[in-house]
Amino acid sequence: MNSKVLRQKFLSYFESKGHKIIPSASLVPENDPTVLFTTSGMHPLVPNLMGEKHPEGTKLCNVQRCVRTCDIDEVGDKTHCTLFEMLGYWSLGDYFKEDAIKLTYGFLTEELKINPKNLAVTCFEGDPKFNFPKDDEAADVWKSLGVSSQRIAFLGYEDNWWGPAGTTGPCGPDSEVFTWTGEGDAPEKYDPTDKNWVEICNDVFMQYNKTKDGQFDNLAQKNVDFGGGVERILLCLEGRDNVFELDMFKLIIAEIERLSGLEYGDRRDEEYIAEGKQCWVDTRKQFRIVADHLKAATFMISDGVVPSNKDRGYVLRRLIRRATVKAHQIGISDNFTHKIAEKVFETYDGEYVLNKQLVVSELEKEETKFRKTLKDGLKVLDSFKEIDSKSLFDLYQSFGIPLEISLEEANTRGLDINDETIEQFNNLVREHQNLSRTASAGMFKGGLADDGVATRRLHTAAHLMLAALRKVLGDHVYQKGSNITAERLRFDFSHPDKMTPEQIEEVEKLVNEQIEIDLPVIMAEMSLDEAKKFGAMGVFDSKYGEKVKVFEIGGFSKEICGGPHASYTSELHHFRIQKEESSSSGIRRIKAILD
């Protein structure tokens with residue numbers, strides 16, 4: 001049994017039972033703005049579950065690609081995946097509990113040849129709070145099929161209730177099916193706490209609609225929603241230890257082995273920083289994270305998601321960058337993400353239509369940007385004679401280098417880092433995350449413009465432009481005035497000569513590079529003397545009080561300012577100089593916009 005055979009067996013079985021096969025929907029939901037991704041097979045069918053007619057009729061089935069983001073940090077263990085596939089069949093106001101349970105039982109025992117003696121089920125025990133009854137009806141059907149009452153457990157709302165996919169919508173009690181994966185024969189009695197019982201699928205009996213005020217109304221039609229995880233079912237059928245041993249990961253893992261020069265499961269010697277003793281690190285977790293994250297990223301991009309600092313784009317960016325960090329840890333130092341994508345294309349050829357050109361392009365762009373900051377940050381690390389929490393924070397803030405990479409690289413350079421330093425670093429991160437959230441909420445008042453979105457972006461662009469002007473024209477350049485509206489930026493600066501077209505082009509290039517890198521905009525309050533020692537730009541000293549706000553943009557710009565700013569440079573999109581002209585003797589003026 002492999003994934004291709006399982007998909008085909010499922011679709012053929014339910015097609016033979018009168019169900020129409022429908023294609024997998026996009027990972028980007030069309031009907032629900034309350035969630036980022038399609039999280040289940042029923043998700044795209046919400047309008048039909050609510051009563052809207054489906055063009056293919058009342059009995060449907062498919063294999064749906066899904067993404068769930070709540071468990072990203074758990075990826076690397078035996079079972080968690082960011083992207084997974086769901087086998088699904090539905091009755092839209094057609095048959096209900098009895099027929100659905102018989103169909104599920106038939107598929108498991110007849111098509112998949114699972115021994116009925118290894119099955120157990122759970123049913124809904126009811127909930128008096130909402131006047132939900134105990135589901136004796138479902139239990140009786142299972143008993144009629146030969147399932148012992150000792151293998152049936154009744155569980156509550158937290159365990160045996162499914163949906164809605166978002167905050168509102170169709171939902172109802174479910175009946176979950178488990179198979180025994182332990183040694184020897186399955187116990188006579190089902191124990192929900194025994195991890196050897198593994199859930200492989202469930203039938204949801206959708207008879208309610210959850211409203212905005214948290215109430216449950218009866219649906220106009222009763223529906224059935226079956227869901228079975230492809231990876232989970234294969235894991236049980238093949239007796240595998242973890243999902244990364246399945247065929248869907250075979251080519252991907254092999255490519256990571258080729259690129260890293262390591263075998264999956266190799267052990268690599270490292271030193272515990274705090275305790276100073278030798279240990280070994282099992283590289284399987286890094287392999288799994290790289291494989292999982294880039295497979296998910298490939299599907300996301302193919303469905304139109306691009307890396308950004310918001311919503312779906314932020315999840316995608318996090319996946320790509322985390323995979324790049326883990327690849328760095330196992331010795332992959334060159335751009336590689338597109339090579340992993342090629343193996344994803346090969347693995348799913350004939351199953352899903354993937355936009356190969358878009359995927360490769362977006363992966364290469366995002367990885368190149370991140371690897372540049374990673375490389376620059378490691379150069380800074382080389383200059384440290386010793387390392388403290390502030391140094392670690394600078395690497396994290398200015399270059400996006402995660403703590404785990406800084407610790408590893410510091411160790412190879414003979415720099416000691418103790419637990420106290422790490423704790424101080426974590427405190428700095430928490431403090432500045434709070435400050436950044438405050439800044440993004442537009443709570444800083446004063447400066448050159450109001451706190452509208454457009455002016456915040458242009459205000460931030462002015463900081464980047466000043467830093468770029470000093471790099472291109474020289475350190476004699478200082479701000480001499482500015483005027484920002486929602487449409488454009490006007491900026492006066494000290495410089496004796498008209499800028500050449502090449503100089504203008506270079507300034508634009510430098511600013512747009514910082515936008516592409518997606519640097520954080522971080523604010524810190526300090527004394528004026530501390531700001532000067534920090535290297536912050538500032539003029540008109542007499543107007544400053546005892547404390548000043550210093551905005552740092554990824555190490556590229558440090559400037560004293562009181563105005564509102566963007567949270568990340570990616571919010572600026574694209575910077576363009578419209579005009580450069582004389583303002584007065586020795587003062588030039590630039591007018592610029594953000595596209």
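The values are calculated or read from the model by the stated rules, or taken from the named source; none is laboratory data. What you are looking at is a predicted structure, and each value in this text was computed from that prediction instead of being measured. Every residue, glycine as well, gets a Cβ built from its backbone with ideal geometry; the counts of neighbours run over all protein chains shown.
Surrounded by fewer than 15 Cβ atoms within 10 Å (Cβ to Cβ) and free of Cβ contacts under 8 Å to residues at least 12 places away in the same chain: is that true of VAL28 in this structure? If you could, list the steps in order and put the result at the bottom.
Details: surrounded by fewer than 15 Cβ atoms within 10 Å (Cβ to Cβ): yes; free of Cβ contacts under 8 Å to residues at least 12 places away in the same chain: no.
No, not satisfied.
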> If you scan the stretch 41-91, which residues turn out to be closer than 20 Å to THR298 by Cβ and either among the charged types (D, E, K, R) or more than 29 Å from the chain's Cα centre (by Cα) (or both)?
Replying inline: ARG65, ARG68, ASP71, GLU85
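Being in contact with a helix residue (DSSP H, G or I) (Cβ under 6 Å, 6 or more places away or on another chain) and either surrounded by fewer than 20 Cβ atoms within 10 Å (Cβ to Cβ) or modelled with pLDDT of 90 or more (or both) is the requirement here; does VAL305 meet it?
Values: in contact with a helix residue (DSSP H, G or I) (Cβ under 6 Å, 6 or more places away or on another chain): yes; either surrounded by fewer than 20 Cβ atoms within 10 Å (Cβ to Cβ) or modelled with pLDDT of 90 or more (or both): yes.
In short, yes.
Results for (1) in contact with a strand residue (DSSP E or B) (Cβ under 8 Å, 6 or more places away or on another chain); (2) closer than 30 Å to LYS343 by Cα, shown as yes or no for each residue.
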{"position": "PHE178", "(1), (2)": "yes, no"}
{"position": "ASP194", "(1), (2)": "no, no"}
{"position": "PHE205", "(1), (2)": "yes, no"}
{"position": "THR211", "(1), (2)": "yes, no"}
{"position": "MET248", "(1), (2)": "no, yes"}
{"position": "ILE252", "(1), (2)": "no, yes"}
>> Quick check on TYR157: is it surrounded by 14 or more Cβ atoms within 10 Å (Cβ to Cβ), in contact with an Asp or Glu (Cβ under 8 Å, 6 or more places away or on another chain), in a loop (DSSP other than H, G, I, E, B) and of a type outside the set (A, V, I, L, M)?
In response: yes
> In the stretch 1-21, what residues are out of contact with any strand residue (DSSP E or B) (no Cβ under 7 Å at 6 or more places or on another chain) and surrounded by 18 or more Cβ atoms within 10 Å (Cβ to Cβ)?
Replying inline: SER3, LEU6, TYR13
>> Which of the strands (runs of 3 or more DSSP E) found entirely inside the stretch 501-595 contain at least 3 residues meeting this: at pLDDT 85 or above and of a type in the set (Lys, Arg)?
In response: 587-594
> Which members of the stretch 481-500 meet the condition of being modelled with pLDDT of 85 or more and part of a loop (DSSP other than H, G, I, E, B)?
Replying inline: ARG488, HIS495, PRO496, ASP497, LYS498, MET499, THR500
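Can you tell which of VAL380, VAL325 is in contact with a Leu (Cβ under 7 Å, 6 or more places away or on another chain), closer than 24 Å to VAL521 by Cα and in a helix (DSSP H, G or I)?
The conditions single out VAL380.
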> Which of the residues belonging to the stretch 125-140 are part of a loop (DSSP other than H, G, I, E, B) and touching a strand residue (DSSP E or B) at 6+ places or on another chain (Cβ under 8 Å)?
Replying inline: GLU125, GLY126, PHE130, LYS134, ASP135
